[in-house]
Amino acid sequence: MKLATLKQGGRDGTLVVVNRALTHCHPVPTIARTLQAALDDWDTCEPQLQQVYQALNIGTISNASPFDAQHCHSPLPRAYQWADGSAYVNHVELVRRARGAELPAEFWTDPLMYQGGSDSFAGPRDPILALSEDWGIDLEAEVAVITGDVPMGATAAQCHSAIRLLMLVNDVSLRNLIPGELSKGFGFFQSKPATAFSPVAITPDELGGDWSDGRVHRPLTVHLNGTLFGQPDAGTDMVFNFPQLVAHVTKTREMEAGSIIGSGTVSNKQGDLHGSSIAHGGVGYCCLAEVRMYETIATGKPHTGFLKFGDQVRIEMLDRDGHSIFGAIEQRVEHYAP
């Protein structure tokens, strides 16, 4: 099943069911006005939403509307919780190697995670806004899950069964603000602006066999200004799967329906230098920081700059037949004007 939220009907938008081909949608106010409402009563709402989804796919809803991602919020325009992990240890190892630091052994057994701002996400076609290019604007292409309620101390099986939906993510970072924040010993804050999610959230069964062992086994494609920049496989080199990331959150607290947990930047290990560009026959990257670290390791300094105003970012995942699964995140970097 595929679900989206249109920018109408208030701050939390209007929930619509979207057909598999992403061409048509249908609002479902008698089932749930918003996605959060559906998640709050998932056992009741999910079978009814599935019926609408099947009807859309076979074309028996005569008043279905054309689906246009331009009119979408992120599936949850705001959420009770957004926590982002770092499941691809290759990414962390590469960044540390570039500055001559060893990777602590516990990074392979205990995931990193930060809690991001969730009061206002960007829509999948909204701009990336910043006041200055000097902040070091970077994309981070990821996968995320939306959960139901999860108890404290949940088992891996409980965490797996609590995963309701999957999405793509652009977890924007302001790289030049990060060192100053981390030096205070209290984590990210100003360096993590509004996150954007894919137009559509899907139930895991939509992926068939490409959803297995708590991972999404499909390439995640990133284009910068129309040029392919990365296509690493999201299932490869994911050290911590999504049930493990959810379990990390619930070690000391309960987690409420509508919580979003991210994978961290998708990254595949390639050769001794842990990375290779598309131009060099590799799978490329899902963030600019990673190619800069690769350049630093290879040549002693980075050559690739961060995003500039006017740059275009596109993040998408295709199925085995070449069809878009989640719709695309398409964002242009713009100067913020209140």
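The values are calculated or read from the model by the stated rules, or taken from the named source; none is laboratory data. Because the structure is a prediction, the values reported are computed rather than measured. Neighbour counts are summed over all protein chains in view; Cβ atoms, including those assigned to glycine, are modelled from backbone coordinates with ideal geometry. Heavy atoms of the whole protein, side chains included, go into the accessibility calculation; ligands, DNA and RNA do not. Shrake-Rupley method; radii C 1.70, N 1.55, O 1.52, S 1.80 Å.
Details
- Identity of the residue in region 65-115, part of a helix (DSSP H, G or I) and in contact with a Gly (Cβ under 7 Å, 6 or more places away or on another chain), that ends up nearest to GLY148 (Cα to Cα): ALA69
- Residue list for region 29-46, restricted to those being open to solvent by 60 Å² or more (accessible area, probe 1.4 Å) and in a helix (DSSP H, G or I): ASP40, ASP43, THR44
- Scanning region 52-91 for residues that are open to solvent by 40 Å² or more (accessible area, probe 1.4 Å) and more than 23 Å from ASP12 (Cβ to Cβ) yields GLN54, ASN57, ILE58, GLY59, THR60, SER62, ASN63.
- Residues (modelled with pLDDT of 85 or more, open to solvent by less than 10 Å² (accessible area, probe 1.4 Å) and more than 30 Å from SER118 (Cβ to Cβ)) located in region 259-303: none
- Screening HIS248 with (1) touching a strand residue (DSSP E or B) at 6+ places or on another chain (Cβ under 7 Å); (2) open to solvent by less than 40 Å² (accessible area, probe 1.4 Å); (3) farther than 25 Å from GLY327 by Cα gives one miss only, at (2).
- Pairs where the first residue, in region 9-28, is free of Cβ contacts under 8 Å to residues at least 12 places away in the same chain and buried (at least 21 other Cβ atoms within 10 Å of the Cβ) and the second is outside any strand (DSSP E or B) and acidic (Asp, Glu), C-beta under 7 Å, 6+ apart: none
- Residues (open to solvent by less than 30 Å² (accessible area, probe 1.4 Å) and among the hydroxyl-bearing types (Ser, Thr, Tyr)) located in region 179-223: SER191, THR195, SER198, THR203, THR221
- Region 304-337, subset open to solvent by 40 Å² or more (accessible area, probe 1.4 Å) and not in a loop (DSSP other than H, G, I, E, B), residue farthest from GLY123 (Cα to Cα): LEU318
- Scanning region 224-235 for residues that are assigned to a loop (DSSP other than H, G, I, E, B) and either buried (at least 17 other Cβ atoms within 10 Å of the Cβ) or aromatic (Phe, Trp, Tyr) (or both) gives GLN231, PRO232, ALA234, GLY235.
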